[in-house]
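The values are calculated or read from the model by the stated rules, or taken from the named source; none is laboratory data. No experiment lies behind these values; they were computed from the predicted model shown. Reconstructed Cβ throughout: ideal geometry from the backbone, glycine too, with neighbour counts over all protein chains shown.
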Amino acid sequence: MADVDEAKEQQEQQEPEAEKSEKKSLIGRLLTWIVPVVVVTLCAGAGFGLGRLFDGPGTPDADGADAKPDESTQADYLEADSGSTNDFGEVWYYDLDPVVANLDEPTVSRYVRATLTLEMSSSVDKKKGVAFLDEKKPILINWLTVFLSGLSIEDIRGDKNLKSIQSRILEGFNDKLFPNSKPRIKRVLIKEFPVQ
């Protein structure tokens, strides 16, 4: 009988060991998946962190615009002083260079020549504003060329379409120049817009 009791005790001891070995193999299998995921996540996070660290505020965006965290303060810099020569409510105008762009017409080579004038808010000091727009003019001309190149002849025909184009240009320019502040360009005026 002692042999039977000993056999039962050995069997009871072997069962927990079997359960322990099953748990160990399950943990081992999970670790083979968890460890690479944790390593990849840490590497990606470190890469992102280093990229943000070395990507200073003076690094240009893909479209050439500077990504500055203080763009709203730059817009505040353009504000007219209280003793400025601009009367409140008086706007001023800035002429852009003409832009020529091929239209998106697959069968025929057509182009548009756009000459625009920007009506600036009276809250922007004219002297500072002109210097700022002169500096940013290449960005505006690039954006306008790309925008016009995406239009077809049907997108341009008619006064309704021209008004739509004006509002889209106004929105695009304000987004490019003053992304984190109120719009400073009041209207985009068309001086000439011939299509050939």
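Residues in segment 162-178 that are in contact (Cβ under 8 Å) with a residue 24 or more places away in the chain, farther than 17 Å from V100 by Cα and not aliphatic (A, V, I, L, M): G172, F173, K176, F178.
Yes or no, residue by residue, for (1) farther than 21 Å from P194 by Cβ; (2) touching a residue at least 40 places away in the same chain (Cβ under 8 Å); (3) not basic (K, R):
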position	(1), (2), (3)
A101	no, yes, yes
T107	no, no, yes
S123	yes, yes, yes
K126	yes, yes, no
S152	no, yes, yes
K160	no, no, no
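Please specify each residue of segment 100-150 satisfying the condition of being among the basic types (K, R) and either in contact with a Phe, Trp or Tyr (Cβ under 9 Å, 6 or more places away or on another chain) or assigned to a helix (DSSP H, G or I) (or both). Result: R113, K126, K127, K128, K136, K137.
Looking across segment 172-192, the residues that are among the aliphatic types (A, V, I, L, M) and crowded, with 18+ Cβ neighbours inside 10 Å come down to L177, I185, V188. Of the candidates S109, S121, the single residue that is assigned by TED's automatic domain parsing to the domain that holds F173, closer than 18 Å to G172 by Cβ, out of contact with any Gly (no Cβ under 8 Å at 6 or more places or on another chain) and among the hydroxyl-bearing types (S, T, Y) is S121.
The lone criterion from (1) loosely packed, with under 14 Cβ neighbours inside 10 Å; (2) touching a residue at least 60 places away in the same chain (Cβ under 8 Å) left unmet by E119 is number (1). Give the number of residues within segment 148-171 that are under 15 Å from L118 (Cβ atoms) and surrounded by 13 or more Cβ atoms within 10 Å (Cβ to Cβ). Selection size over segment 148-171: 6. Of the residues contained in segment 132-151, none is found to be more than 25 Å from the chain's Cα centre (by Cα) and of a type outside the set (D, E, K, R). Identify, by number, the condition in (1) in a helix (DSSP H, G or I); (2) touching a residue at least 40 places away in the same chain (Cβ under 8 Å) that S181 doesn't meet. Every listed condition holds for S181 apart from (1).
Take the conditions (1) surrounded by fewer than 18 Cβ atoms within 10 Å (Cβ to Cβ); (2) touching a Pro at 6+ places or on another chain (Cβ under 8 Å); A114 misses just one of them, which is (1).
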